[in-house]
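Take a look at the structure set out below.
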Protein chains: 2
Amino acid sequence: VLTAVALDGLPEIAPGDDLAPLIVEAAARTRGAGEFHDSDLLVIAHKAVSKSEGRIRRLGEVEPTPRAIELARRLDKDPRHVQVVLDESREIVRASRGVMICVTHHGFVCANAGVDASNASDPDTLITLPQQPDASARHIRARLKELTRATPAILITDSFGRAWRHGQVDVAIGCAGLSALEDWRGLPDAAGRTMRATWIAVADQLAGAADLARAKDGRQPVALVRGAERHITAADGPGAAPLLRPEAEDLFR
Amino acid sequence: VLTAVALDGLPEIAPGDDLAPLIVEAAARTRGAGEFHDSDLLVIAHKAVSKSEGRIRRLGEVEPTPRAIELARRLDKDPRHVQVVLDESREIVRASRGVMICVTHHGFVCANAGVDASNASDPDTLITLPQQPDASARHIRARLKELTRATPAILITDSFGRAWRHGQVDVAIGCAGLSALEDWRGLPDAAGRTMRATWIAVADQLAGAADLARAKDGRQPVALVRGAERHITAADGPGAAPLLRPEAEDLFR
């Protein structure tokens, strides 16, 4: 049985905040959460992590380049906002219909390089993705280990759109102590036949499951998932990086 | 709190089988499932539905066209398998590296038009997607209403790869009584600011959550999800069709 419960009452996060004790306190306040176990997974919407790491840009301090000004004109956007997106991108894959599809410096392909204005406490600020989300996850996990008797796995998420489907789903951008992919390729199925294409993006499915438990107004960035112990590892492991499809395999970039 | 539990002991499904009573019996056998409620969601891997609807092709009865033979040669595949994929497709978007990315007759963009050999009880058969998955979901829901005192929502899923990420995730291909998308665009967030791009593919996230509860060897095609009542509707509604991005909006086809 898989369960997901959102943690109540995390405060607004500011640069320099230590997330781990805030998460422990929130869990103590949340009905059905209680103490953490090594088999638990904490799923954190990246904005809380980004804010704690000071990944904030003030529009007033951004000087747009000619490229940003030209793109902004074409996309009907604020040139300073476009500049921040360019700063976060290694490549722009598409720029049309008001949207920029970017490859971030991490290698994520997503709209606007994950740069987001919504839910910022200040309307003139933009929030960017953590610089190294896997390292962020490892850091939070290590701090939780110091603070509690448990070492839950950590998953950091963002909401991504999809090329061919409407709506967004939460996906993994960083993790620690979680096997992001489960590989059943070549193993026999129930009928004894070899399963051919069963390589499951477990971390992305867990990201989406956690999002379903959350209130959407931004006050519940953290959800606790239980029942995923099959995918949880004592070692921090390679994080979410294995989820990235290398450009050489990409049929659509 | 969101919970997902796989139902135990569904038999191998054959063409003509009535799924609804098999699901009711499986739920009765499953610890933690019990009777269905109107607020429940049953998530069904499409193969069980496809088999019950006889959506099975025998390779021995397939006569490949010259186009299938040419594609099969280029992709190093069985020409009869390629022919079945072509039969299920309205368009082939990419054909390279052994994979065909297709637009199915329903409009889904996915590898091999959802045609799958794995888990078939006979090695010379292929299983195709249900012809009208939303209608399949409505039919199963209506049958459950006849058999029980409840009308749970129904979600039919398949595993899709993604253009830019490794691994597959389960997504919605049909549903009844479930709002596939939740639209928060234009609503205020916790800080009172308008949220700009918050349009959530709830049905896809529910598909992934259910998959996490399932054994992967194919013996647990049905999972029961509770805690999603916010997305469940008395009316069957428009199904999963609203999840399809129309070609006119597509930046990557």
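Here is how the numbers come out for the structure above:
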read-out	value
log10 of Debye I(q)/I(0), alpha-carbon scatterers only, for the protein assembly as shown at 0.07, 0.10, 0.11 Å⁻¹	-0.37, -0.77, -0.94
For segment B:71-191: relative contact order, % (alpha-carbon pairs under 8 angstrom, 6 or more apart)	15
Unit charges at the beta carbon, dipole of the protein assembly as shown: most positive-side option, B:L41, B:L206, B:L10	B:L206
Chain lengthening between A:I92 and A:L147 when straightened (0.36 nm per residue, less Cα-Cα)	15.6 nm
Average Cα contact separation per residue, segment B:1-148, under 8 Å, 6 or more apart, as relative contact order %	22
Accessible area (Å², per residue) of segment B:75-129, counting only protein heavy atoms and a probe of 1.4 Å	35
Estimated FRET transfer efficiency when R0 is 35 angstrom, pair A:H105-B:E229 (beta carbons, to 0.05)	0.30
Binned Cα-Cα distances of chain B, short to long, each 10 Å bin given as a whole percent	7, 30, 34, 21, 8, 1, 0
For chain B: relative contact order, % (alpha-carbon pairs under 8 angstrom, 6 or more apart)	26
Segment A:33-154: mean projected area of Cα convex hull, nm²	8.7
Mean Cβ count within 10 Å, highest first, over the residues of peptides A:170-181, A:63-74	A:170-181, A:63-74
Choice from A:D211, A:D122, A:D17 with maximal GNM fluctuation in chain A (Cα, 10 Å cutoff)	A:D122
Heavy atoms of A:V82: accessible area, 1.4 Å probe, square angstrom to 10	0
Coordinate range along principal axes, alpha carbons of segment B:129-183, Å, largest first	43, 28, 15
Trypsin sites (Lys or Arg not before Pro) within segment A:156-185, DSSP loop, no more than 13 other Cβ atoms inside 10 Å	A:R185
Accessible solvent surface per residue of segment B:199-253, calculated while the other protein chains remain in place, 1.4 angstrom probe, Å²	35
Chain A: most fluctuating residue of A:E35, A:E229, A:E88 per GNM, C-alpha cutoff 10 Å	A:E35
Copy-to-copy label separations for A:E25, where each label sits 7 Å from Cα toward Cβ, in nm and ascending	5.5
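The values are calculated or read from the model by the stated rules, or taken from the named source; none is laboratory data. Worth saying up front: this structure is predicted, and the values here are computed from it rather than measured. Cβ: placed from backbone, ideal geometry, glycine included. Neighbour counts: every protein chain shown. To get the accessible areas, we keep the full protein, side chains included, count just its heavy atoms, and leave off ligands, DNA and RNA. Shrake-Rupley method; radii C 1.70, N 1.55, O 1.52, S 1.80 Å.
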